[in-house]
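Remarks on the structure that follows.
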Amino acid sequence: MTGEVRTAVCDAPPVNKKEILRYARAKEASDAVLALLDECISLAQDGLSYRVAYAVYPIARSEEGISIGFLKTSSQDLAKNLTGCHAAVAFCATVGHTLDRLVRRESVTSPARALLLDAYGTERVEALADAFCGTLAEEYARDGCVLRPRFSPGYGDLPLSLQKEIFSALNLPERLGVTLNESLLMTPKKSVTAFVGIAAKEQV
């Protein structure tokens, strides 16, 4: 239903070690680095929780910009991304607090381990967001629709300040335990918010 906020607990996506190393900016994956990465994954993986909160909203356009249910924005980049779309999914994906705690702890004694843990967390939440969008795409394909690539606040000319409206609409502190500080940074840090446009195939 339009505007109804739902939550989902997802399976852990497959781990992509090349992506983790890319996020860590590790140009050379030596045996020692790979062994340390395996240690980091083993240390963190059981503490991760893969959860998503989301809702579907209608899209309206005017001279002032674009409206997605609970918000209005003059972002031309988002409007371009949503060309041909009649609705959009607003969502937040998170893998929980475990990695924040581990990175803080390891940064004191092992900066290298902390770096790889942080990169692992980035890979995990991005993989979760991709997997969630893939599941949505399969569901909407049955209705003859396709999804646009996800688009997050802070990309292009879409202001990061829209995080406040997303958090309010999806009630993220209660739904997922994800909070937003005055600097618009999320806790847990390994969390992602985004919009995903929905379009009929003939509009693509």
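A few notes on this one:
- When the residues of segment 35-56 are filtered to those that are open to solvent by 60 Å² or more (accessible area, probe 1.4 Å) and not basic (Lys, Arg), the one that is nearest to the chain's Cα centre (by Cα) is GLN45.
- Restricting segment 179-193 to residues that are of a type outside the set (Val, Ile, Thr) and surrounded by 15 or more Cβ atoms within 10 Å (Cβ to Cβ), the residue that is nearest to THR94 (Cα to Cα): SER191
- Checking ALA88, ALA93, ALA169 one by one, the residue that is modelled with pLDDT of 95 or more and either closer than 30 Å to ASP46 by Cβ or among the polar types (S, T, N, Q) (or both) is ALA93 and no other.
- Matching residues, segment 6-23, being in contact (Cβ under 8 Å) with a residue 60 or more places away in the chain and touching a Ser or Thr at 6+ places or on another chain (Cβ under 9 Å): ALA8, CYS10, GLU19, ILE20, TYR23
- Among the conditions (1) surrounded by fewer than 17 Cβ atoms within 10 Å (Cβ to Cβ); (2) without any contact (Cβ under 8 Å) to a residue 24 or more places away in the chain; (3) more than 20 Å from ARG6 (Cα to Cα); (4) more than 16 Å from the chain's Cα centre (by Cα), GLU139 misses just one, which is (3).
- Scanning segment 39-65 for residues that are free of Cβ contacts under 8 Å to residues at least 40 places away in the same chain, within 29 Å of GLU174 (Cβ to Cβ) and charged (D, E, K, R) yields one hit, ASP46.
- Output for segment 96-114, where each listed residue is surrounded by 19 or more Cβ atoms within 10 Å (Cβ to Cβ) and under 20 Å from the mean Cα position of the chain (by Cα): GLY96, THR98, LEU99, VAL103
The values are calculated or read from the model by the stated rules, or taken from the named source; none is laboratory data. As the structure is a prediction and not an experimental result, all values here were calculated from the model. Counting neighbours? That spans all protein chains shown, and the Cβs are built from the backbone with ideal geometry, glycine included. These area figures cover heavy atoms from the full protein model, side chains too; ligands, DNA and RNA do not enter into them. Shrake-Rupley method; radii C 1.70, N 1.55, O 1.52, S 1.80 Å.
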